[in-house]
Every structure is written in structure tokens, then in C-alpha cells.
Amino acid sequence: MKARYDVVIVGAGNAAFSAAHASIERVGRVLVLEKAPREWAGGNSYFTAGAIRTTYEGLEDLRPIVENLTDELAAATELPPYTPDDFMSDMERVTEGRCDKELTRILVDDAADTTRWLHEKGLRYRLMYDRQSFEVNGKRRFWGGLVLGTVGGGRGLVEQHIAAAERSGIEVRYDSPVVGLLQEDEAVTGVVCKGPGGREEIGARATVLASGGFESDPRMRAAYLGPQWDVAKVRGTPYNTGEVLRIALESGAQPYGNWSGCHAIAWDAAAPPTGDRELTNLLSKQSYPLGIVVNKYAQRFIDEGADFRNYTYAKYGAEILRQPGALAYQLFDAKTEPLLRQDEYSAPGVSRYEATTMRELGQKLGMNADALERTVEEFNAAVQSEAFDPTIKDGKGTHGLRPPKSNWAQALDSPPFYGFAVTCGITFTFGGLRVDADSRVLDQAGLPIQGLHAAGELVGGLFYHNYPGGSGLMAGAVFGRRAGATAARHIDGRAS
């Protein structure tokens, strides 16, 4: 052995650093190993908006940890409570009741305390007025149970994690992919990595795997998610290619979760094959509930207003992938365009088209202009008369259309008209390893593998079919913290 550590953590995103922070509270030598080079630090966490779904009793409950709340703004803000039971209900609803009840209960019950713990470590939060609220009758009303984000988005999240790690003496190595686990008598005793100096065995009294899923490997996507998934664009890091997940399975870990499922969203059609480190999440197009979405044949294929965007966006990417050419177009008019997320819809190089008539817009989008006119005319005629309110499920839907638009339906009748070309952008895969309540990896018999823990996107069982926005970062933090703490407790004998 060239080196020996108390805890070795594989990966360097939000879940990995949460595990590292929890470990260093209890032990002296903690090493983080990251496959990617330093300029790609942060894994998928870097490419997020930094939105983290937590629970709270109201505005005053969050006030001590947010930086952008003045007295004047607080007086104009409406923020109803979001309880652990609300979070649990959302998880059960969007996963169709399939989420692991024990793990999900831990997630929702630990969310608030973990949020405060990360703040104590140096994470900086803000209320996401820009992403999660609309102004109605002079009040800023939040919607969809997701209000908190890190200052600086995903980039800020990663920078703050790294700074906290440096302050506490955690060692971080980049360009160091893990290629194997060391095992003695069925216990994991360290890892094998290929660093700049060559192949190296690193001993560890406990190991935490937090290296993400397999969404960046086209072959694994096609094998597990199905046809066409090999052509999907990757929202984030190109380095999440599933090697560590495969190594764990080959070492006896139990597979778990929705292996044919993933988080995938509407992503700009002109985006590069993998994430852009400058634009990060700005290539997403998430204001579709305010307009309509059509395929290249000008046909609608989803209920854009089925629920708040937070509860549909992670599954609608798959619906776009199923369309001809894996393409779709989000359409808006002069009434709805001001309500769009302007940073996403006006970012440099986005696939944005504008026209004074719907026929002209269809021509610019390269589709049959007659078909687009008919689709929009049929939609406009079906819009019901209820009042429009983007902060609630307003029931302003359509009558007689298939698919319907259940909420926020407004006629597209006010020029100019806007179209945005989107494709499927995969975020992360849902299949992974089975862990217990302490984030210990379980073997095929359901027993903990001694010395092996896991957190983040390679943990299965939480998400099936769909995902409530912001719950991925929260899950990474909750189970990263548990994995790091359990790994350290295992070392000093206070846990089996």
C-alpha cells in the first residue's frame, strides 16, 4: 500500500462532498478521488441550478439561512409551509408509489436539518424568486414546493463545497479514476485508482461511492433505457459512465431501483453532446407549461399543464425523445413570453425563432405551416374561460382536445409568436445500488458489505418514472451525510 486513509470517497459532486464533510467531523484522514480533471470539477452538481428541495414551516423558518431576503421583500412574499409529509406525498405521487418507503422517509425527515448543516459548512442559500415565483396582485407567490437554491447556482454549490473541504483538511485528487475495489474476507478495504502517477492501491478503513450514474455512456443508456437513448444529449458531465457502479455490482452489491428510468428534460436542440461549463443549466427550457409543445409534424403530444413544471419536467424529456427526430418545439406568444425564464430562453446561441404570424413561425421552424396553423387554431378554440394564475393549478384548461392542457391554457393569439427547438437532455439514471438506512451498500442477500457505503445518483430506489424538482441534490446531501457519518462511526467501533 502506498497510502492509507480513514475514509476514501469516490466522486466529487454534492453527495461526495457531503460525505466528506460528515467524515472529517469524526476522523482525521479523508480522501476524495475524482475521475475528471480539475477543470471539470463538481460532476453533475455543477450543471444544476443549485435548487434543493427542503422542508420549512414558512418564510421565517428559512430567513436565518438565506441571503436575499430584505424586510421589504419579506412583506411582499407569500410562502406557504412545505412539510415532510408534503414532500413524502410528492415523492409517492410522482413515482407512482414505487419509491422505497424507508429511504424516502429518511430523505424527507432529514431534509431541513441537512440543509442547515450544509449552511454551517459554508453553503450559501437564496430564495429562488427568479425561478419559482410569479408576481400576482403585488405579491411574490412561490409555487411547486421548491424555493431554496445555492448562491451562484450549481457552479456556486461546487465552489462552496470545495472551499469547505479545503478549510477542513480534506484531500481531493483529480484525474484519478477508480478502477477496482480492494477486498479481504468479503470486506472492502480500499480502492484501486489510476492517477497521474499510474495504477495505485489506496487502503481505506471505509469507502463511500458517490460517482454518479451511467447517463454519459451511450451503450449503457441503450442497454438499460432502451432504443434511441444512445442519441440523447447529456445535460451534465461526460464523465458519469458507470464504471464504479459496474465495479460495485461485480463485487457483490445488489442492484436496485428503476434501471429503465431516468431524469430527462427539454434541452436546447443546438446544445453540445454533453454539458456546457459556461451555460450549465441555461440550455434547459422549462417554461413549457405557459405555452404549447408540438413535434415536427405540428402535433401536440403532452399535457403541458398537467402539473407544476417541478413535477413533470424530469419525465417529459423522454416524451420528446419518442418524437420524430427526437425534436419538439415550444410555442409562446406576446402574452406568455414575458413570463418565461429569460436566462434560459435568451441565453447565447439558443434555438429561438420569432415571427409576426403563426404561419411564418412554422416556416422558420421547418414544419408544415398549414398543419401548425390548424393545431394552434384548434388549441385556441378549446381554451376555457377560467382566470389565469401561474402560481396555482388554476383549472384553466382545454375542452375536447387530446391530449388536453389541464391548467394555464391561454390562446396563442397575440403576435409576435415565439418558437424554441428542443430535444431530450438526460440528467441522471435512476437504477443503482441498494443501500440501507445508514447508506451501507447491501449485498445480494440484503446484508451490508463491510466497509462499503454509497450516496448520490448511483443509489437506487428513490426515483421511479419521474422526480420532484430539487430532490436529487437533497437526496445526495442527506445520504452523503449519512454515508460519511456511518463510515466514520464504523471505524471507531460505534456502529457495526
For the chain, share of DSSP beta bridges that run antiparallel, in % to the nearest 5: 70 percent
H119, H490, H263 arranged by Cβ crowding within 10 Å, fewest neighbours leading: H119, H490, H263
Matching label for the computed semi-axes √(5λ) of the Cα gyration tensor in Å, out of (1) 51, 24, 21; (2) 41, 24, 19; (3) 69, 37, 23, is (2)
Could you list D436, D130 so that the one with the fewest beta carbons within 10 Å of its beta carbon is first and the one with the most is last? D130, D436
Let me have the relative contact order for the chain, percent, based on Cα pairs under 8 Å that are six or more residues apart. 24 percent
What is the packing order of peptides 149-161, 329-341, taking the mean over residues of other C-beta atoms within 10 Å and listing the highest first? 149-161, 329-341
Average Cα contact separation per residue, segment 253-327, under 8 Å, 6 or more apart, as relative contact order %: 38 percent
Amide H contacts of T48 (H built 1.01 Å from N, under 5 Å, at least 5 apart or other chain): G154
Apply the Karplus curve 6.51 cos²θ - 1.76 cosθ + 1.60, θ = phi - 60°, to the phi angles in segment 274-288 and return the couplings in whole Hz, x for Gly and Pro. 10, x, 9, 5, 8, 7, 6, 7, 6, 7, 6, 10, 10, 9, 4
Once amide H atoms are placed 1.01 Å from N in the peptide plane, what residues at a sequence separation of 5 or more from L433, or on another chain, have their amide H within under 5 Å of its amide H? Y256, V459, G460
Give me the dipole magnitude in Debye, nearest 20, for the chain about the Cα centre, with unit charges on the beta carbon: positive for Lys and Arg, negative for Asp and Glu. 740 debye
So what is the 222 nm mean residue ellipticity for the chain from helices alone, if each DSSP H run of at least 4 adds -39500 (n - 2.57) and you divide by all residues, rounding to the nearest 500 deg cm²/dmol? -8500 deg cm²/dmol
Taking H placed 1.01 Å from N in the peptide plane, check which residues at least 5 places from L182 or on another chain put their amide H under 5 Å from its amide H. T189, G190, V191, V192
Pop out the ³J(HN,Hα) list for segment 406-423 in order, Karplus 6.51 cos²θ - 1.76 cosθ + 1.60 with θ = phi - 60°, rounded to Hz; leave Gly and Pro as x. 7, 9, 6, 7, 10, 4, 8, 9, 10, x, x, 10, 10, x, 10, 7, 10, 9
Fully extended, how many nm does the chain gain between R38 and R374 (0.36 nm per residue separation, minus their Cα-Cα distance)? 115.8 nm
Which Cα, out of L452, G50, F332, lies furthest along the positive dipole direction of the chain (beta carbon charges, K/R +1, D/E -1)? L452
By how many degrees, between 0 and 90 and to the nearest 10, does the Cα long axis of helix 471-492 differ from the longest principal axis of the chain? 10 degrees
Suppose every K and R has +1 on its Cβ and every D and E has -1 on its Cβ; what is the size of the dipole of segment 340-431 about the Cα centre, in Debye to the nearest 20? 240 debye
Rounded to the nearest 20 Debye, what is the dipole magnitude of segment 264-425 about its Cα centre when Lys and Arg each give +1 and Asp and Glu each give -1 at the C-beta? 380 debye
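Bear in mind these aren't lab numbers, they're just calculated from the coordinates by the rules spelled out. Keep in mind that this is a model prediction, so the values were computed, not measured. Counting neighbours? That spans all protein chains shown, and the Cβs are built from the backbone with ideal geometry, glycine included.
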